[in-house]
Amino acid sequence: MGELEDAVMTRVWKWNRPVTVREVLEDLQQERSIAYTTVMTVLDNLHQKGWVRREAEGRAYRYEAVSTRAAYAAALMNDAWSQSDNPTAALIAFFGMMSEEQRQALMDAIRIVQGPETPARGPGSVTDADGR
(Lines give C-alpha, C1' and ligand atoms only; values in the text may rest on other atoms or scores of the structure.)
Protein backbone atom coordinates (compact mmCIF):
# COMPACT_ATOMS: atom_id res chain seq x y z
CA MET A 1 0.00 0.00 0.00
CA GLY A 2 1.40 3.37 -0.98
CA GLU A 3 1.70 6.42 1.29
CA LEU A 4 -1.49 8.08 0.03
CA GLU A 5 -3.42 4.80 0.15
CA ASP A 6 -2.25 4.36 3.74
CA ALA A 7 -3.36 7.91 4.62
CA VAL A 8 -6.82 7.20 3.19
CA MET A 9 -7.11 3.77 4.82
CA THR A 10 -6.01 5.21 8.16
CA ARG A 11 -9.10 7.39 8.10
CA VAL A 12 -11.39 4.58 6.97
CA TRP A 13 -10.08 2.36 9.80
CA LYS A 14 -10.19 5.16 12.37
CA TRP A 15 -13.75 6.21 11.60
CA ASN A 16 -14.90 2.56 11.40
CA ARG A 17 -17.96 3.36 9.30
CA PRO A 18 -18.79 3.84 5.63
CA VAL A 19 -17.19 7.08 4.38
CA THR A 20 -17.53 9.28 1.33
CA VAL A 21 -14.79 10.65 -0.87
CA ARG A 22 -15.76 14.15 0.33
CA GLU A 23 -15.27 13.21 4.02
CA VAL A 24 -11.84 11.73 3.38
CA LEU A 25 -10.91 14.69 1.16
CA GLU A 26 -11.85 17.27 3.80
CA ASP A 27 -9.84 15.47 6.47
CA LEU A 28 -6.80 15.03 4.23
CA GLN A 29 -6.93 18.70 3.21
CA GLN A 30 -6.11 19.63 6.82
CA GLU A 31 -2.64 18.17 6.17
CA ARG A 32 -2.04 18.64 2.44
CA SER A 33 -3.35 20.07 -0.78
CA ILE A 34 -5.18 17.29 -2.60
CA ALA A 35 -7.87 17.08 -5.27
CA TYR A 36 -11.24 15.36 -4.99
CA THR A 37 -10.44 13.24 -8.05
CA THR A 38 -7.19 12.04 -6.45
CA VAL A 39 -9.01 10.78 -3.36
CA MET A 40 -11.71 9.23 -5.57
CA THR A 41 -9.01 7.42 -7.59
CA VAL A 42 -7.27 6.19 -4.44
CA LEU A 43 -10.50 4.82 -3.00
CA ASP A 44 -11.31 3.18 -6.34
CA ASN A 45 -7.84 1.58 -6.36
CA LEU A 46 -8.33 0.36 -2.78
CA HIS A 47 -11.67 -1.10 -3.86
CA GLN A 48 -10.05 -2.90 -6.80
CA LYS A 49 -7.33 -4.26 -4.47
CA GLY A 50 -10.00 -5.57 -2.11
CA TRP A 51 -9.22 -3.34 0.88
CA VAL A 52 -12.58 -1.52 0.83
CA ARG A 53 -16.07 -2.36 -0.33
CA ARG A 54 -18.41 0.28 -1.62
CA GLU A 55 -22.11 0.87 -1.82
CA ALA A 56 -23.79 3.37 -4.10
CA GLU A 57 -25.51 6.28 -2.43
CA GLY A 58 -27.08 8.51 -5.03
CA ARG A 59 -24.37 9.45 -7.52
CA ALA A 60 -21.57 8.71 -5.06
CA TYR A 61 -20.24 5.73 -3.13
CA ARG A 62 -19.71 5.04 0.55
CA TYR A 63 -16.54 3.08 1.23
CA GLU A 64 -15.96 0.72 4.14
CA ALA A 65 -12.91 -1.28 5.21
CA VAL A 66 -13.02 -4.99 4.41
CA SER A 67 -10.66 -5.88 7.25
CA THR A 68 -8.93 -4.25 10.19
CA ARG A 69 -5.60 -2.46 10.30
CA ALA A 70 -4.32 -5.33 12.47
CA ALA A 71 -5.21 -7.82 9.73
CA TYR A 72 -3.39 -5.63 7.20
CA ALA A 73 -0.28 -5.51 9.39
CA ALA A 74 -0.43 -9.28 9.85
CA ALA A 75 -0.68 -9.79 6.08
CA LEU A 76 2.38 -7.57 5.55
CA MET A 77 4.38 -9.52 8.14
CA ASN A 78 3.29 -12.84 6.67
CA ASP A 79 4.17 -11.72 3.16
CA ALA A 80 7.62 -10.51 4.21
CA TRP A 81 8.30 -13.68 6.19
CA SER A 82 7.15 -15.99 3.39
CA GLN A 83 9.57 -14.32 0.96
CA SER A 84 12.59 -15.16 3.12
CA ASP A 85 14.86 -17.98 2.03
CA ASN A 86 15.52 -18.67 5.74
CA PRO A 87 12.32 -18.04 7.75
CA THR A 88 13.95 -18.97 11.07
CA ALA A 89 16.76 -16.46 10.59
CA ALA A 90 14.23 -13.82 9.52
CA LEU A 91 12.19 -14.38 12.70
CA ILE A 92 15.30 -14.22 14.88
CA ALA A 93 16.35 -10.96 13.25
CA PHE A 94 12.81 -9.57 13.61
CA PHE A 95 12.61 -10.54 17.30
CA GLY A 96 16.01 -8.90 17.81
CA MET A 97 14.58 -5.61 16.53
CA MET A 98 11.67 -5.69 18.96
CA SER A 99 11.45 -3.61 22.12
CA GLU A 100 10.75 -5.37 25.40
CA GLU A 101 7.16 -4.16 25.16
CA GLN A 102 6.79 -5.66 21.68
CA ARG A 103 8.30 -8.98 22.82
CA GLN A 104 5.82 -9.08 25.71
CA ALA A 105 2.96 -8.42 23.26
CA LEU A 106 4.27 -11.29 21.13
CA MET A 107 4.35 -13.65 24.11
CA ASP A 108 0.80 -12.59 25.05
CA ALA A 109 -0.35 -13.26 21.48
CA ILE A 110 1.26 -16.72 21.48
CA ARG A 111 -0.51 -17.57 24.75
CA ILE A 112 -3.85 -16.45 23.27
CA VAL A 113 -3.37 -18.48 20.10
CA GLN A 114 -2.26 -21.59 21.98
CA GLY A 115 -5.11 -21.37 24.47
CA PRO A 116 -4.99 -22.41 28.10
CA GLU A 117 -2.21 -24.84 28.82
CA THR A 118 -3.16 -28.20 30.25
CA PRO A 119 -0.50 -29.26 32.73
CA ALA A 120 0.77 -32.80 32.42
CA ARG A 121 -0.62 -35.14 35.06
CA GLY A 122 1.67 -37.79 36.32
CA PRO A 123 1.69 -40.09 39.36
CA GLY A 124 1.33 -38.08 42.53
CA SER A 125 0.22 -34.89 40.83
CA VAL A 126 -2.02 -32.55 42.77
CA THR A 127 -5.57 -32.09 41.49
CA ASP A 128 -7.94 -29.21 42.02
CA ALA A 129 -11.29 -29.39 43.77
CA ASP A 130 -12.95 -30.83 40.66
CA GLY A 131 -10.45 -33.69 40.46
CA ARG A 132 -8.56 -32.18 37.50
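The values are calculated or read from the model by the stated rules, or taken from the named source; none is laboratory data. In this text, all values refer to a predicted model and were calculated from it rather than measured experimentally. Because the Cβ atoms are built from the backbone with ideal geometry, glycine has one as well, and the counts that use them run over all protein chains shown. Calculation scope for accessible area: heavy atoms of the full protein, side chains included, ligands and nucleic acids excluded. Shrake-Rupley method; radii C 1.70, N 1.55, O 1.52, S 1.80 Å.
Okay, residues lined up against (1) in contact (Cβ under 8 Å) with a residue 12 or more places away in the chain; (2) surrounded by 15 or more Cβ atoms within 10 Å (Cβ to Cβ):
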residue	(1), (2)
V39	yes, yes
V52	yes, yes
T68	yes, no
A75	no, no
S82	no, no
I92	no, no
F95	no, no
Going through the range 1-42 in order, the residues found to be in a helix (DSSP H, G or I), of a type in the set (S, T, N, Q) and farther than 16 Å from R54 by Cα are T10, T37, T38
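Yes or no, residue by residue, for (1) open to solvent by 40 Å² or more (accessible area, probe 1.4 Å); (2) without any contact (Cβ under 8 Å) to a residue 12 or more places away in the chain:
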{"position": "M1", "(1), (2)": "yes, no"}
{"position": "V8", "(1), (2)": "no, no"}
{"position": "V19", "(1), (2)": "no, no"}
{"position": "L43", "(1), (2)": "no, no"}
{"position": "A56", "(1), (2)": "yes, yes"}
{"position": "A65", "(1), (2)": "no, no"}
Inside the range 43-75, the number of residues satisfying the requirement of being in a helix (DSSP H, G or I), at pLDDT below 95 and hydrophobic (A, V, I, L, M, F, W, C) is 5
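For residues that are among the aliphatic types (A, V, I, L, M) and within 16 Å of W15 (Cα to Cα), tally how many sit in the range 33-86.
5
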